[in-house]
Amino acid sequence: MAGEEDTRQDPETLTEEQAERMLTDMNDVIRAGEEMRKLRAEMIKLFAGFGWTQDRIARLTGMSQPAVSKQVAKYGIGESLPPMGLSLDQYDAPWLEGRLWGLAEEISETFDDTARCTRYVNAIARGKRRFTPQNVDELRRLVEEDLRLHRAEMPRSYQDAYDKISRGLDVPSKVTTTTSASVRRALAHQIQRDRLRVDS
């Protein structure tokens, strides 16, 4: 009897496992916040390279003009950056991953209750999933399932986009670029979503 009482959890304390789960979730949120701040800084650099004014960037980012000015000064933005192509037909891994992410989000929003990829897309948005080769493979599998399940209701452009993305991911090209992988992913994600909406 005394032994049983010793093994029972004191309701006023946490187990190590409970604490670990809580801290893991918190760390995911903190990490996602840091990654988003870094991505925003890189996007500011990109926009400044396009020749956009600091006032325009401040309006788009929701930042104050002095904060944008500080970012521009911090990263030494002033010289013009090499032009960056925004065509969907680019075949480096980050660009293709961004396109896959954009396609998955469109599927998730269109078939919210039944889309297999919804939980994965939400995890990416919260920073709980990163673009590792294993995670990209898992997202591909879920998108393929959704394409099969919803083929009758889905615009043909979804399948066409996936076919190109899939072929590219099987043998991605090695592209050298001054733009970071996270920025290329974010751009491809948005451009893919916009294209799918136009095509459908």
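The values are calculated or read from the model by the stated rules, or taken from the named source; none is laboratory data. Please read these numbers as outputs of a predicted model, since none were measured by experiment. Note: ideal-geometry Cβ built from the backbone for every residue, glycine included; neighbour counts use all protein chains shown. These accessible areas exclude ligands, DNA and RNA; they are computed on the full protein's heavy atoms, side chains included. Shrake-Rupley method; radii C 1.70, N 1.55, O 1.52, S 1.80 Å.
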- Item | Out of ASP55, ASP113, ASP92, sole residue that is of a type in the set (Asp, Glu) and in contact (Cβ under 8 Å) with a residue 40 or more places away in the chain | ASP92
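Between ALA123, ALA67, which is touching a Lys or Arg at 6+ places or on another chain (Cβ under 9 Å), part of a helix (DSSP H, G or I), open to solvent by less than 70 Å² (accessible area, probe 1.4 Å) and over 23 Å from LYS174 (Cα atoms)? Outline the logic, then answer.
Numbers: ALA67 fails: touching a Lys or Arg at 6+ places or on another chain (Cβ under 9 Å).
When all the criteria are applied, what remains is ALA123.
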- Are any residues in segment 131-156 within 19 Å of ARG197 (Cα to Cα) and part of a loop (DSSP other than H, G, I, E, B), and if so, which ones? HIS150, ARG151, ALA152, GLU153, MET154, PRO155
- Query: So ASP89 fits all but one of (1) open to solvent by less than 60 Å² (accessible area, probe 1.4 Å); (2) in a loop (DSSP other than H, G, I, E, B); (3) at pLDDT 80 or above; what number is the exception?
  - Reply: (1)
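In this structure, is GLU20 within 27 Å of ARG126 (Cβ to Cβ), assigned to a helix (DSSP H, G or I) and at pLDDT below 85?
Values: within 27 Å of ARG126 (Cβ to Cβ): yes; assigned to a helix (DSSP H, G or I): yes; at pLDDT below 85: yes.
For GLU20, the condition - within 27 Å of ARG126 (Cβ to Cβ), assigned to a helix (DSSP H, G or I) and at pLDDT below 85 - is met.
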